[in-house]
1. Mind running the shape call on the range 77-186? Use the C-alpha gyration tensor, a ≥ b ≥ c as the square roots of the eigenvalues: rounded below 1.5 for a/c, prolate if a/b tops b/c, oblate otherwise.
2. How high is the relative contact order of the chain? Use alpha-carbon pairs under 8 Å, at least six apart in sequence, and give a whole percent.
3. Would you list TYR170, TYR70 from the most to the least accessible area, probe 1.4 Å?
4. On full extension of the chain, what length is gained from GLU180 through TYR77, given 0.36 nm per residue of separation minus the C-alpha to C-alpha distance?
5. Report TRP10's accessible area, 1.4 Å probe, all protein chains in place, as a number in Å² to the nearest 10.
6. Give the distance, in whole Å, between the Cα centre of the range 1-74 and the Cα centre of the range 160-180.
7. Just how far, in whole angstrom, is the range 119-134 from the range 218-246 if you go by their alpha carbon centroids?
8. Quick check on the chain: take the gyration tensor over C-alpha atoms, sort the square-rooted eigenvalues as a ≥ b ≥ c, and tell me if it's rounded (a/c under 1.5), prolate or oblate.
Amino acid sequence: MNKKCMAANWKMFKTRQEAEETTRELMSLTAAKLPSDREVLLIPPFTAIASVAATIGSKTGFGVGAQNFYPAENGAYTGEISPDMLLDLGCSWALVGHSERRHLFHEDNEFLAQKVRFGLERGLNIILCIGETLNERKNGQLATILNKQLTSALSDIGYTDIASRLVVAYEPVWAIGTGEVARTEDIREAHDYVRSELKKIFSSAADSIRILYGGSVKPDNISEIITLDNVDGVLVGGASLQAESFSRIVLG
Ligand code: PEP
């Protein structure tokens, strides 16, 4: 059975030294306390991936991910980073489709599908982020949006080990960085829906695909979120930047 995934998205924060210090502090705050059914995934900016990977070393229960990559092996793509370059840094996971990529950088479902396919093919494990805007929710489009984001990114992906290579993060856009957490019934409803859609795509393998919740997760709300059915971890932005607060989430 997969462990609960406690992921930290550090966005465009932290120099190498700051990232190393936070990693060291987090490892010390969680030392000997990390439950055997949990793992920690640190997702720093590109520039700090190698430092964080080196700081973690071979410590079990900790991994490193990237916030983005470009779906090509190499080539004339100025400013972009390939999956092979990330693997070379000791990075084994990557986010695809974070709402900031979708909305600020206009990455559409078709491009994100290319990323998921290419990233998996090159050996990265993928965290596919999905979620509706407030307007979409108010207009009753939750299911339509999640269905579209999932099916466009995941149809035709036929890996037998998909449950260990793919994670889906449900992150309602209106709850990211706003301090507004989805109600437990909203999280339950969305996660149940995601699970049922994954079953349509991957049959019984979908039972073991982890579904994370993301959106203003904090030390004081982690325990009610992490215990919900079909919540297999969390993706945390703001509250993951300080080791002290993220350690309380990781252990919460
Ligand atoms: C995120 O960036 O994925 C996120 C969930 O951010 P925050 O925890 O700050 O809402």
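The values are calculated or read from the model by the stated rules, or taken from the named source; none is laboratory data. Here the structure is a predicted model, which is why all the values come from computation and not from measurement. Cβ atoms come from the backbone with ideal geometry, glycine included; neighbour counts cover every protein chain shown. Just so you know, the surface numbers come from the protein's heavy atoms only, side chains and all, with ligands and any DNA or RNA stripped out. Shrake-Rupley method; radii C 1.70, N 1.55, O 1.52, S 1.80 Å.
1. It is prolate, given that a/c is not under 1.5 and a/b is the larger ratio.
2. Across the chain, relative contact order equals 22 percent.
3. My answer, sorted largest first, is TYR70, TYR170.
4. Length difference between fully extended and current span is 33.4 nm.
5. 0
6. After rounding, the separation between the Cα centres reads 17 Å.
7. So the separation of the two Cα centres works out to 19 Å.
8. rounded
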